[in-house]
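Beneath this line is the structure, given in C-alpha cells, with notes to follow.
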Amino acid sequence: MAKSPEEEHPHKAFGFAATDSSGVLSPFQFSRRENGPDDVTVQIQYCGVCHSDLHSVKNEWGFTRYPIVPGHEIVGIATKVGSNVKKFKVGDRVGVGVIVGSCEQCECCQQHLENYCPRVIFTYNSLDKDGTMTYGGYSDTVVVNQRFVLNIPENLPGDATAPLLCAGITVYSPMKYYGMTQSGKHLGVCGLGGLGHVAVKLGKAFGLRVTVISTSPKKEDEAINKLGADSFLVSTDAAKMKAAMGTMDFIIDTVSAVHPLYPLLTLLKVNGKLITVGLPNKPLELPMFPLVMGRKLVGGSDIGGTEETQEMLDFCGKHNITADIELIKMDEVNTAMERLAKSDVRYRFVIDVANSLSSCKM
Ligand code: NAP
Ligand code: ZN
C-alpha cells in the first residue's frame, strides 16, 4: 500500500492532478521529500504535455493510480543540491525526463540503460524508494536523484527544449540502436505529433531522406517547409502509398492509437526495419506476409538511458534542434489534452509552469 506523500514529506508542493479516469486535471496540494545528499531540488519552469500523460490520466493502459500528477518533460532551475552532488550547482538550468530512479546495480543499470531496469521508477505513477507515489512535472518543484538529472545546453530555450526530455530521447535512442543514422538512407516517420516531428528534425540532422506518413493532409505544408521533411504521404491515399512501396529503409512508428501495420511494412525495402515507439492501449495485428517475404524486422524502444539522454541533448544543442511548441498556461491544460486527443497540436504543448501555476492556487 502506497504511503501518502501529502503526509510523509516535509515540503509543501502544488500542482495539477487527475483524480479519476475522466482525466480532468485540477489544482492539487501535496508534498515533496527533503533534499537528500544525492538529490537535486528543481524549481519547475516548463513541462511538456506528452501523449503518455493523456493515456495515463485517462487510465487507458489500466495501471493508473489516482491522484496522478503527470508530466515528464521538465526543465527548471536547481534550487538545492545535496552534499554528494558535484555535477550541478544551485542556479543551474536542468532537465528531468521520464525516469527518476532505478536499482543502479543490474545489468541494464550498469550499461546506463536504466530505462530497462526491472525496478525503474517513473517520474509519475510509480512507487518511489520510500514507498510513496511519484508525482510529475505539472507542479512547482520536484526532488530527483542526481543520476536522473540532465544538463540543458546553454544555447537552447527552456520551453522548446522540455519536449526533448521524452519525445526527443524516445526517437533518438532507436535511431542510434537500430542503425538508422546512415546519411542518405530513407526514413519514414509515421504520425506527425510530438515524437514524430522531433524524429523528422533528427532524421534530417543525421542526413537521412525523410518522408512523413500521416493521417492529416493539412500538416503537409509545415512538414516540408517548416520541419524539413523531403516528402509527405497521406496514409489514406492508396495510389501514393502504392507508388511508395518498397522505398524506405526504416520507419519510426509514433502512432498513439491502434492502426494497421500492413501498409507500413509494404513501404519498407527488403531488410527494412519498422520500429514502433507508440503505445496504443490495445495490441496491433502483425501481418506475416510482408514481414517474412522481405526479411523485415519489427522492433520496439522505450525512451533511453540517462547517458544517452544527455548525449541527445548535447546533439540537439550542437544542431540547434528543439521542439515546435504551443506554450500554454497551467489552467489551459484540459483544453490542450482535448486537442492532443484529436492530433490537433503543432507539435507539442508546453506548460509555462513558472508563470501560470501559482495563480491557480485556491
Ligand atoms: P501525439 O503528439 O498525439 O502524436 C501522435 C500522432 O499519431 C498524431 O499526431 C497523429 O499524427 C497520429 N495518430 C493519432 N491517432 C491516429 C490513428 N488513429 N491512426 C493513425 N495515426 C494516428 O503523441 P506523442 O506524444 O507523439 O506520443 C505518441 C505515442 O508514443 C503515444 O502512444 C505515447 O504514449 C507513446 N510514447 C512512447 C514512448 C516510448 O518510450 N516508447 C515515449 C513517449 C511517448 P498524424 O496527424 O500525422 O496522423
Ligand atoms: Zn512522454
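The values are calculated or read from the model by the stated rules, or taken from the named source; none is laboratory data. All figures in this text were calculated on a predicted structure; none of them were measured in a lab. All Cβ positions, even for glycine, are placed from backbone atoms using ideal geometry, and neighbour counts span all protein chains on display. SASA here: full protein model, heavy atoms, side chains in, ligands and nucleic acids out. Shrake-Rupley method; radii C 1.70, N 1.55, O 1.52, S 1.80 Å.
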Phe349 being away from ligand 2 (no atom under 16 Å from the Cβ) and either open to solvent by less than 50 Å² (accessible area, probe 1.4 Å) or not in a loop (DSSP other than H, G, I, E, B) (or both): no
How many residues of segment 72-82 are surrounded by fewer than 24 Cβ atoms within 10 Å (Cβ to Cβ) and out of contact with any Asp or Glu (no Cβ under 9 Å at 6 or more places or on another chain)? The answer is 1
Here is a list of conditions, (1) acidic (Asp, Glu); (2) open to solvent by 80 Å² or more (accessible area, probe 1.4 Å); (3) part of a loop (DSSP other than H, G, I, E, B), and Glu307 meets all of them except one; can you say which number that is? (3)
Which of the residues spanning segment 152-193 are under 26 Å from Asn271 (Cβ atoms), more than 17 Å from the chain's Cα centre (by Cα) and open to solvent by 20 Å² or more (accessible area, probe 1.4 Å)? Tyr177, Tyr178, Gly179, Thr181, Gln182, Ser183, Gly184, Lys185
Subset of segment 8-47 [surrounded by fewer than 22 Cβ atoms within 10 Å (Cβ to Cβ), out of contact with any Pro (no Cβ under 9 Å at 6 or more places or on another chain) and hydrophobic (A, V, I, L, M, F, W, C)]: Val24
Of Cys50, Cys106, the only residue that is farther than 19 Å from Leu313 by Cα and either more than 14 Å from ligand 1 (Cβ to nearest atom) or open to solvent by less than 40 Å² (accessible area, probe 1.4 Å) (or both) is Cys106
Checked segment 153-193 for anything part of a helix (DSSP H, G or I) and either among the charged types (D, E, K, R) or touching a Phe, Trp or Tyr at 6+ places or on another chain (Cβ under 6 Å) (or both); matches are Gly158, Asp159, Ala162, Lys176
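For segment 85-107, what are the residues that are in contact (Cβ under 8 Å) with a residue 60 or more places away in the chain and farther than 25 Å from Asp159 by Cα?
Step one: list which residues in segment 85-107 are in contact (Cβ under 8 Å) with a residue 60 or more places away in the chain, which gives 85, 87-88, 93, 95-99.
Correct list: Val85 only.
Of all the helices (runs of 4 or more DSSP H) wholly in segment 194-274, which have at least 1 residues that are assigned by the TED database to the domain that holds Gly71 and buried (at least 21 other Cβ atoms within 10 Å of the Cβ)? Give the derivation first.
Numbers: elements: 194-205, 220-225, 238-243, 262-267.
Correct list: empty, since no element meets the threshold.
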The one condition Lys318 fails out of (1) touching a Pro at 6+ places or on another chain (Cβ under 9 Å); (2) open to solvent by 20 Å² or more (accessible area, probe 1.4 Å); (3) part of a loop (DSSP other than H, G, I, E, B) is (3)
List pairs: first in segment 308-330 and modelled with pLDDT of 95 or more, second among the hydroxyl-bearing types (Ser, Thr, Tyr), Cβ under 7 Å, 6+ apart or cross-chain? Glu308/Ser173; Met312/Tyr172; Cys316/Thr322; Thr322/Thr161; Ala323/Tyr347; Asp324/Tyr347; Lys329/Ser356; Met330/Ser356
Looking at segment 55-84, I want the residues that are assigned by the TED database to the domain that holds Asn151 and closer than 26 Å to Leu279 by Cβ and have a partner that is more than 14 Å from ligand 1 (Cβ to nearest atom) and charged (D, E, K, R) with Cβ atoms under 7 Å, at least 6 apart or on another chain. Which pairs are those? Tyr66/Asp20; Val75/Arg93
Can you go through Gly158, Gly196, Gly184 and tell me which one is of a type outside the set (Val, Ile, Thr) and under 17 Å from His51 (Cα atoms)? Gly196
